[in-house]
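A.B. asks: Could you have a look at this structure, given as structure tokens, before my questions?
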Amino acid sequence: MTDSDRTPPSPDAAVPAGEFPPLTERVLRLGTRRSALATTQSGWVADLLRARGLQVEIVEVVTEGDVNHAPLTQIGGTGVFASALRHALRAGEVDLAVHSLKDLPVLPEPGLVIAAVPVREDPRDVLVARDGLTLAQLPAGARVGTGSPRRAAQLAVHRPDLVVEPIRGNVDSRVRRVTSGELDAVVLAGAGLRRLGRDAEITDVVDTAIMLPAPGQGALAVECRESDTDLVEALGALEHDPTRIAITAERALLRALEAGCTAPVGAYARVEDDGGLVLEAFAGSDDATIALRRRATGAAETPADVGVALATELLADGADRIPASMLARTPSRTRPQHEGDHPDSPNDMGAPKEQTP
């Protein structure tokens, strides 16, 4: 679908900022990438809004990440998936957009707001392997495909005997490389397979003790124009507070590390029954010469502080020696300034190996 194929802008697009018709008189245009996963996720959000009496239509938007099949690290990281949707929002071509939260850059977008973070799907990575094999059962030398430096780095720690091959493409094309015999296995986000109804193809769910997910993995972000106050309020009904708290901690850590969303950084936060927050993080190099895993606890009321404090600890322990090209660092001026106590002593779940500059 090209730009010319998009649904023509409705009269809402010409309305001055902050002067929108009542929601009951509008057909909300929900922007989405055109992939099967993106449209499925967006359809789920659209159905939630329709159940609340709102009219919603889906508008497919082509992004750079959809048409350029070069490695993400070469074309600007996963942010290339969000930029076209955000442009459509600012241009008034759509009223809201649904993103995979792990694909969103950590810096806020002027004029736009993440109005809702719905309940998170299981964020763990999964294996789709030949003959139903698990990660532990893959033989030495098995070829495992992933386009994620984070997954490659953690595989290098736990299964250095595997051959990790970089891949890109949608779920179908990745799984096909296993069924065709080209690869022995691929590692994917389990949330995507489950949302597509393809759970039966999962041969192993990789425990977070082995592989931490990307910050925000399994969560969705529903974004709209900040000036569209009625829509911002309506989208608030989709908010899931524990998910927002968790992803705030994870993304604060990513930002404090000055890392991009394709960096070899994993993070997983969860709100405990007693109201406390636990955050685990990994930062490393793809060859495992640097492999840091740390854990912190803190207050759920201040998740960003927990994330920044743990990032500070990782940097002090050697994460600052990960080459900038590998970390996909953002400019240093973007590092947030947070005050607060240092988190509890971390549980060292994997001491670093010899570190290189």
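The values are calculated or read from the model by the stated rules, or taken from the named source; none is laboratory data. Since the model is a prediction, treat every value here as computed from it, not as a measurement. Positions of Cβ are backbone-derived with ideal geometry, glycine not excepted, and every protein chain shown enters the neighbour counts.
A.B. asks: Could you tell me whether Gly192 is closer than 29 Å to Ala116 by Cβ and surrounded by 15 or more Cβ atoms within 10 Å (Cβ to Cβ)? Can you show your working first?
C.D. replies: Working: closer than 29 Å to Ala116 by Cβ: yes; surrounded by 15 or more Cβ atoms within 10 Å (Cβ to Cβ): yes.
The answer is yes for Gly192.
A.B. asks: Report every pair of residues separated by at least 6 positions or lying on different chains whose Cβ atoms are under 6 Å apart, first residue within segment 216-236 and more than 22 Å from Arg255 (Cβ to Cβ), second aromatic (Phe, Trp, Tyr) and not in a strand (DSSP E or B).
C.D. replies: Pairs that qualify, where the first residue is more than 22 Å from Arg255 (Cβ to Cβ) and the partner is aromatic (Phe, Trp, Tyr) and not in a strand (DSSP E or B), are Asp228/Phe20.
A.B. asks: Please specify each residue of segment 157-174 satisfying the condition of being more than 20 Å from Pro123 (Cβ to Cβ) and either β-branched (Val, Ile, Thr) or touching a Leu at 6+ places or on another chain (Cβ under 8 Å) (or both).
C.D. replies: If we filter segment 157-174 for residues that are more than 20 Å from Pro123 (Cβ to Cβ), which is where we start, we get 159-169, 172-173.
Within segment 157-174, Arg159, Leu162, Val163, Val164, Glu165, Ile167, Arg168 qualify.
A.B. asks: Further, regarding this structure: Tally time: how many residues in segment 111-159 are of a type outside the set (Val, Ile, Thr), assigned to a loop (DSSP other than H, G, I, E, B) and modelled with pLDDT of 95 or more? Quick ask: steps written out before the conclusion?
C.D. replies: At the first step, the residues of segment 111-159 found to be of a type outside the set (Val, Ile, Thr) are 111-112, 115-116, 118, 120-125, 127, 129-133, 135-143, 145, 147-156, 158-159.
Remaining after also requiring assigned to a loop (DSSP other than H, G, I, E, B): 111, 118, 120-124, 133, 135-142, 147-148, 159.
Subsequent filtering for residues that are modelled with pLDDT of 95 or more retains 111, 118, 120-124, 133, 135-142, 159.
So the count comes out to 17.
A.B. asks: Right, next: It is to be established whether one or more residues within segment 317-324 are crowded, with 22+ Cβ neighbours inside 10 Å and in a loop (DSSP other than H, G, I, E, B). Break it down into steps so the answer makes sense when it comes.
C.D. replies: Taking segment 317-324 and keeping what is crowded, with 22+ Cβ neighbours inside 10 Å, we get 319, 322.
With the extra rule that they be in a loop (DSSP other than H, G, I, E, B), the set shrinks to 322.
Yes; the residues of segment 317-324 include at least one that is crowded, with 22+ Cβ neighbours inside 10 Å and in a loop (DSSP other than H, G, I, E, B).
A.B. asks: Looking at Asp199, Asp230, which one is in the same structural domain as Ala38 (by TED's automatic domain parsing), surrounded by fewer than 22 Cβ atoms within 10 Å (Cβ to Cβ) and at negative phi? I'd like the intermediate steps shown before the answer.
C.D. replies: Details: Asp199 fails: in the same structural domain as Ala38 (by TED's automatic domain parsing).
Exactly one residue qualifies, and that residue is Asp230.
A.B. asks: Also, quick follow-up: Do any helices (runs of 4 or more DSSP H) entirely within segment 20-99 hold 2 or more residues that are more than 22 Å from Val232 (Cβ to Cβ) and either in the same structural domain as Pro149 (by TED's automatic domain parsing) or modelled with pLDDT of 95 or more (or both), and if so, which? So that I can check it myself, show each step before the final result.
C.D. replies: Details: elements: 36-50, 64-67, 72-75, 80-90.
The qualifying helices (runs of 4 or more DSSP H) are 36-50.
A.B. asks: Check Val265, Val206 and return the single one that is crowded, with 16+ Cβ neighbours inside 10 Å and more than 25 Å from Val175 (Cβ to Cβ). It would help to see each step written out before you state the result.
C.D. replies: Details: Val206 fails: more than 25 Å from Val175 (Cβ to Cβ).
Going through Val265, Val206 in turn, the sole match is Val265.
A.B. asks: Would you confirm, using the coordinates I've provided, whether Leu220 is of a type in the set (A, V, I, L, M), over 15 Å from the mean Cα position of the chain (by Cα) and at pLDDT 95 or above?
C.D. replies: Details: of a type in the set (A, V, I, L, M): yes; over 15 Å from the mean Cα position of the chain (by Cα): no; at pLDDT 95 or above: yes.
The answer is no for Leu220.
A.B. asks: Related question: Output the qualifying pairs, or none if there are none: Cβ atoms under 8 angstrom, residues six or more apart or on different chains, first residue in segment 114-129 and in contact (Cβ under 8 Å) with a residue 40 or more places away in the chain and closer than 19 Å to Ala185 by Cα, second residue assigned to a loop (DSSP other than H, G, I, E, B) and of a type in the set (D, E, K, R).
C.D. replies: Close Cβ pairs (under 8 Å, with a partner that is assigned to a loop (DSSP other than H, G, I, E, B) and of a type in the set (D, E, K, R)) amount to Arg124/Asp207; Ala129/Asp184.
A.B. asks: So which residues in segment 169-186 are surrounded by 16 or more Cβ atoms within 10 Å (Cβ to Cβ) and modelled with pLDDT under 95, if there are any at all? Write out each step before concluding.
C.D. replies: Step one: filter segment 169-186 for residues surrounded by 16 or more Cβ atoms within 10 Å (Cβ to Cβ), giving 171, 174-175, 177-178, 183-186.
Across segment 169-186, the qualifying residue is only Val171.
A.B. asks: For segment 215-250, give me each residue that is of a type in the set (D, E, K, R) and under 18 Å from Val271 (Cα atoms).
C.D. replies: Glu239, Asp241, Arg244, Glu250
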